[in-house]
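Below is one structure, written out as structure tokens, with a few remarks after it.
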């Protein structure tokens, strides 16, 4: 038996979809109402398959279910690996009425979603995220894609899932480092627009690090709610949605420098949010106390506090120049006017930016 | 100076766009009203660049214009070549406000359009088709994509251009074989839903083969009008739009069998339409006279009448099984109830299909 703890809806007109959060969902929850054809292709990886594949298959009773198992890791988020999905779909003669199902973390969700966006010019897909980071962030909102050697997520599509099924029991097999990485995105929602949630996180961070079910279910629900609100208001990132990238411009530079997969995305975002907070302080937006509050919470989640060894401020400047938020060559960053109030700006003092970069490198 | 002969509009709500048909447009027509940012990337190939690149650049006065020149041919309509576009965009730091411009035939339009659909999850693009086939068909309607070794156009997206600029002067440099290939798609519009146009084509086919400007301008206009009507009614091929694939299921099988690029797409469609007409006759839908009329018109356009040497009926069956129109394993074909009245059916007599295949192989 399973227990649904929370449900919410991402409101996007005829592309609206539910997020179902609970325990014991994998193996028991019936996903067939979200599958229109007779075929399903589960996309998963070598780490997740032995743990959850059989249970995931059981969510599609009566359907013809195929599987493609990819190698695990951000460094495989590339065209060659994506093409393994297309190969399997075509070998097994999946029609454009097929449904893809992403079973795994953010890399699997992004790749399965992008494959669904492109296979025969678009087929439906469902998200079955198994990591904290994908449960609170990447499985919601329809951003899909792959990396390019010159930049992260540079090739992709907006393609919304039919449903997001979040089984919090899958977190019990997650390494502590990945729990911390997921908590970075959870903290982000507090920092960008939800002070009450920030206070709740300060009160519950130890329970979250220990993955206590009650606390983790609540944190996932409030994170998804925040993300759903922002995505509903601005699906294709014309404006508001960009605040979800707090810490991400610094973070993407770190990930690219370190080589995809050596830093977890959430780890880089954690350090990146510390840098964004530092720069917000230097720009006279937040107080020194606010900055310390942000740093303390990010630290308690177990996230790294320094840029990778050897990375210079010029490395940052060069890698940040290709960020997707940039317009006509101008660097755009997400900063905080105050805790819980993030915004996008193309107007930071270059000296302040340089000082922030120097503060976090060795 | 240039002369606009005809203009029409593809009605798709907030994705509507104009098609401008005329002479002397390349080099003179100002496309900057359809470019929102400061950057343009022209995607073209080695054959077209020496002929029209400088003139195409002149359509973007005041913009920063970069160019990526791809190898020419359907066999390069693959990921490796597509990635050359992404490489150049990232090397030149094109932001998500950039605009892509497709200068060339159907392969260039499909690849530039797909790159535009995917670069940073979607940027605008404009179509500057230089072949008859791309002017009457592939530049209109938003279908973009690349081939996969197991099937044509299997990876792609729907992504509408901002404008289609058709300079009929560019046809003067087109090899006769490509003129015939383009005429196959022109004839298709008459066969699927426009008997008056079919009659006009019977009266003007010799002028069209000779590329007489008056006749060719009219044929392009009426073809675009037909395509625009169908696409406006059914952008994502939920129903009606599938009739645009008359001859294409047979044709795609021929192209795949022959190896991409050995048969031109339009040539394969020409033979494929003969096969569809033959099967429509065997299924008791059209008369022997109608069938002969269709065959005669396709022949007069200079198109091939036989499947590639060595191709068997089993080759056809196997290659047609992966067609995108198929649903849950059932082969779906476009046939004619009557001349000018095409429809999609999953219900043909297997013996009739086999007889049609045998009729066209050696």
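Label-to-label distances for residue A:299 across copies, nearest first, come out at 8.8 nm, using points 7 Å from Cα in the beta-carbon direction.
Most simply put, the protein assembly as shown has about 45% antiparallel DSSP beta bridges, counting only bridges with both residues inside it. Each DSSP beta bridge with both residues in the stretch B:3-172 is either parallel or antiparallel, and the antiparallel ones are about 35%.
With contacts taken as Cα pairs under 8 Å and at least 6 residues apart, the stretch A:1-58 reaches a relative contact order of 32 percent. Normalising by residue count, the stretch A:79-152 has a Cα convex hull of 85 Å³ per residue.
Per residue of B:86-98, other chain Cβ atoms within 10 Å of the residue Cβ number 4 on average.
Could you let me know the centre-to-centre spacing of the stretch A:82-130 and the stretch A:33-55, using Cα atoms, in angstrom? Comparing the Cα centres of the stretch A:82-130 and the stretch A:33-55, I get a distance of 10 Å.
Give me the log10 of I(q) over I(0) for the stretch A:9-65 at q = 0.15, 0.25, 0.26 Å⁻¹, as the Debye formula computes it from C-alpha points; what are the numbers? Calculated log10 I(q)/I(0) at the listed q: -0.53, -1.11, -1.14. Each semi-axis of the equivalent ellipsoid for the stretch B:267-362 is √(5λ) with λ an eigenvalue of the Cα gyration tensor; in descending order they amount to 20, 17, 12 Å.
Here the Gaussian network model covers chain A, with springs between Cα atoms less than 10 Å apart; of A:302, A:266, A:145, A:302 fluctuates the most. Please report the antiparallel percentage of DSSP beta bridges with both residues in chain A, rounded to the nearest 5. Antiparallel bridges make up about 45 percent of those DSSP assigns within chain A.
Along its three principal directions, the equivalent ellipsoid of the stretch B:149-287 from the Cα gyration tensor extends over semi-axes of 22, 20, 18 Å, largest first.
Radius of gyration (Cα atoms) of the stretch B:3-172, expressed as a multiple of 2.2 N^0.38 Å: 0.93.
Comparing A:247, A:27, A:106 in a Gaussian network model of chain A where C-alpha atoms under 10 Å apart are linked, the largest mean-square fluctuation is found at A:27. Calculated [222 nm] ellipticity per residue, helices only, for chain B: -13500 deg cm²/dmol; basis is -39500 (n - 2.57) per DSSP H run with n ≥ 4, divided by all residues, nearest 500.
Distances from residue B:351 to itself in the other copies, using label points 7 Å out along the Cα-Cβ axis, amount to 9.1 nm in increasing order.
Which whole-number percentage describes the relative contact order of the stretch B:3-172, with Cα contacts under 8 Å and a sequence gap of 6 or more? Show your work: numbers first, answer last.
Working: 369 pairs, mean separation 41.1, N = 170.
This gives 24 percent for the stretch B:3-172.
Among A:71, A:50, A:129, the largest mean-square fluctuation in a Gaussian network model of chain A, built with springs joining Cα atoms closer than 10 Å, belongs to A:50. The share of Cα pairs per 10 Å bin across the stretch A:201-247, counted from zero up to the longest distance, runs 26, 37, 27, 9 percent. Shape descriptor for the protein assembly as shown: Rg over Rh equals 1.01 (Cα atoms; Rh from the Kirkwood inverse mean 1/r). Treat the stretch B:318-362 as a sphere of radius equal to its Kirkwood radius over Cα pairs and apply Stokes-Einstein at 4 °C in a medium of 1.567 mPa s; give the translational diffusion coefficient in µm²/s, rounded to a whole number. My calculation gives 110 µm²/s for D.
Across the identical copies, the label point of residue A:195 (7 Å from Cα in the Cβ direction) is separated from its matches by 7.4 nm, in order from shortest. Annotation: Cα Rg of the stretch B:92-202 relative to the compact-globule expectation 2.2 N^0.38 Å equals 1.17. Binning all Cα-Cα separations of the stretch B:222-318 at 10 Å, short to long from zero, yields these whole-percent fractions: 16, 39, 38, 8, 0. One decimal place: the segment residue B:172-residue B:203 gains 9.0 nm when fully extended, by the rule 0.36 nm per residue minus the C-alpha distance.
For a distance above 14 Å, tell me the whole-number percent of Cα pairs in the stretch B:37-98 that qualify. Across the stretch B:37-98, Cα pairs with separations above 14 Å total 58 percent. Under the shape rule built on the C-alpha gyration tensor, where the axes satisfy a ≥ b ≥ c, chain B is prolate, since a/c reaches at least 1.5 and a/b is greater than b/c. Using Cα atoms only, what is the angle between the long axis of helix B:350-360 and the major principal axis of chain B, expressed in degrees (0 to 90) to the nearest 10? On a 0 to 90 degree scale, this one is about 70.
Each reported figure results from applying straightforward, stated rules to the coordinates on display, with no laboratory input. Remember, predicted model here, so these are calculated numbers, not experimental data. All Cβ positions, glycine included, derive from the backbone under ideal geometry; neighbour counts span all protein chains shown.
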